[in-house]
Amino acid sequence: MAHTPLTSEALLERILSSLTDDKAEDVVQIDLRGKSSIGDHMVIASGRSTRQVSAMAEKLTDRIKQEFGMTARVEGKDAGDWVVIDTGDVIVHIFRPEVREFYQLEKMWLPQAATGASAR
């Protein structure tokens, strides 16, 4: 089977479409180029339940393997509260909403204005 050429942009596009297909909520993409050596992009999304979070992670890793011929590193899929998928170029975090609210990863990576936070 022919694989799609692997660029960080192609990978990001496929990840975003996979999450959309699986009805992920509040999907945020963060450009890490020039900010961090962990990857080029970070994607943060929410699922409504542990079952949905785990299912989205599983489908996403399957799609990446089939379309790009690569195996992503996955942590947290069994618990389903917070799954991290590391493809090398794109880091994906899928949370249950309460867990996402607790960790607030967006605030660590996005400028204050982009998160809707006001400077009081």
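Read-outs: derived from the displayed coordinates by stated rules, not from any lab. Remember, it's a predicted structure, so these values are computed and weren't measured experimentally. Quick reminder, even Gly has a Cβ in these numbers, built from the backbone with ideal geometry, and neighbours come from all protein chains shown.
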Margin query: What aspartates and glutamates does residue 35 reach when the alpha-carbon gap must be under 18 Å and sequence neighbours fewer than 8 apart in one chain are set aside?
Written below: 9, 86, 89, 106
Notebook entry, point to check: Each label point is 7 Å from the Cα along the Cα-to-Cβ direction; what then is the distance between the points at residue 51 and residue 84, in nm?
Noted result: 2.8
Margin query: Only bridges whose two residues both fall in the chain count here: according to DSSP, what percent of them are antiparallel, nearest 5?
Written below: 70
Note to self: Under 14 Å from a point placed 7 Å out from the Cα of residue 6 along the Cα-to-Cβ direction: which residues of the stretch 33-51 have their backbone N that close?
What the structure shows: 40
Next item on the list: Taking only Cα atoms and a 10 Å spring cutoff, compute GNM fluctuations for the chain and point out the largest among 99, 74, 43.
Entry: 99
Checklist line | lysines with Cα under 21 Å of residue 77, excluding same-chain neighbours fewer than 8 positions away | finding: 23, 59, 65
Checklist line | Dipole moment magnitude, nearest 20 debye, the chain about Cα centre, only Lys, Arg, Asp, Glu C-beta charged | finding: 160
Next item on the list: With a/c under 1.5 counting as rounded, go ahead and sort the chain into rounded, prolate or oblate using the C-alpha gyration tensor (a ≥ b ≥ c being the square roots of the eigenvalues; past the cut-off, prolate if a/b is larger than b/c, else oblate).
Entry: oblate
Margin query: Cross-link candidates for residue 107: which aspartates and glutamates have Cα within less than 15 Å, leaving aside residues fewer than 8 places away along the same chain?
Written below: 26, 31
